[in-house]
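J.: Below you'll find the structure I mean.
The values are calculated or read from the model by the stated rules, or taken from the named source; none is laboratory data. Please read all numbers here as calculations on a predicted model, not as lab measurements. For neighbour counting, all protein chains shown are included, and Cβ atoms are generated from backbone atoms with ideal geometry for every residue, glycine included.
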Amino acid sequence: MSTKKEKKRLSRSALVLIVGLIIIAIPVCIFVGILGISALQTGSPREGSRFDNDLDPAITNDDVSNLQQKLSVLGQVENVEVVLSEGQLRIFIDTNDNLSEEQVDSILTSAYNAVNSSLPITKYFTATESKKMYDLQINVYTTAEASEIGATNSRQYKLLHKNSAEETYGIDDLAHPKDPALAAELEGLTEPETTEEETSEESGE
């Protein structure tokens, strides 16, 4: 007489435990895999640019050098620095300290014309519907250090700026405040002005 061996069946608690372990193991394995991939990629640079398919034609190092030489021969100029960085061409022109505002304006105009002749504004500094182009910034100053409000020196600092999305450039005067009275008040050089209403209220107290 033969007897059949009874198959051992897993208990309900054992099944629950196995399923729970599997559920826990899945995210753990994913997390360990992410850590492993990150460890392998540590130290390797990420390639890419926010200017993909933009800045065409590109400004080269030779273009920068040629432009700097052209700007260096302008009259009354002591030092010129041309920096190309992150889609922006920045020019810094240090002039003689005793120049007037009109002379600084003239140098700024000459610098802009020099840029336009070497790197046409419509070609290099004007965006189209399909691509971005370079931004332009030209700084012309007698001294880069800011002077105190109310000082009697004749410091000049003009900034010409053109975003590639703009149709034309703008010019800011960084040496002189647009509202000298307000600037002096903020610097504490003058007492704040009081209105007639405030004066009558104070006298009535």
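J.: Determine whether THR122 is farther than 22 Å from ALA175 by Cβ and exposed (fewer than 12 other Cβ atoms within 10 Å of the Cβ).
T.: yes
J.: Within segment 27-48, can you find the residues that are of a type outside the set (A, V, I, L, M), exposed (fewer than 10 other Cβ atoms within 10 Å of the Cβ) and modelled with pLDDT under 85?
T.: SER38, THR42, GLY43, SER44, PRO45, ARG46, GLU47, GLY48
J.: Suppose we keep only residues that are of a type in the set (S, T, N, Q) and surrounded by fewer than 19 Cβ atoms within 10 Å (Cβ to Cβ) within segment 127-152. Which one would you say is modelled with the lowest pLDDT?
T.: For segment 127-152, the residue satisfying everything is THR152.
J.: Determine, yes or no, whether ILE91 is of a type in the set (Val, Ile, Thr), at pLDDT below 95 and out of contact with any Ser or Thr (no Cβ under 9 Å at 6 or more places or on another chain).
T.: So ILE91 fails the test.
J.: Which one is farthest from TYR157 (Cα to Cα) among residues in segment 100-113 that are touching a residue at least 24 places away in the same chain (Cβ under 8 Å) and surrounded by fewer than 19 Cβ atoms within 10 Å (Cβ to Cβ)?
T.: Selected residue: SER110.
J.: Hey, can you tell me all the residues within segment 61-75 that are within 18 Å of GLN88 (Cβ to Cβ) and either surrounded by 11 or more Cβ atoms within 10 Å (Cβ to Cβ) or among the small types (Gly, Ala, Ser) (or both)?
T.: Residues satisfying the conditions are ASP63, VAL64, SER65, LEU67, GLN68, LEU71.
J.: Please enumerate the residues belonging to segment 155-182 that are in a strand (DSSP E or B) and either more than 25 Å from THR128 (Cα to Cα) or not hydrophobic (A, V, I, L, M, F, W, C) (or both).
T.: Within segment 155-182, TYR157, LYS158, HIS161, LYS162, GLY170, ASP172, ASP173 qualify.
J.: Further question: Would you call ILE24 surrounded by 10 or more Cβ atoms within 10 Å (Cβ to Cβ), of a type in the set (Val, Ile, Thr) and either touching a residue at least 60 places away in the same chain (Cβ under 8 Å) or over 19 Å from TYR157 (Cβ atoms) (or both)?
T.: For ILE24, the condition - surrounded by 10 or more Cβ atoms within 10 Å (Cβ to Cβ), of a type in the set (Val, Ile, Thr) and either touching a residue at least 60 places away in the same chain (Cβ under 8 Å) or over 19 Å from TYR157 (Cβ atoms) (or both) - is met.
J.: Would you be able to tell me the number of residues in segment 153-176 that are among the hydroxyl-bearing types (Ser, Thr, Tyr) and modelled with pLDDT under 90?
T.: 1
J.: Still on this model: Search segment 72-126 for residues being in a strand (DSSP E or B) and aliphatic (A, V, I, L, M), and hand back the single one that is farthest from the chain's Cα centre (by Cα).
T.: So, considering only residues that are in a strand (DSSP E or B) and aliphatic (A, V, I, L, M), the one farthest from the chain's Cα centre (by Cα) is VAL77.
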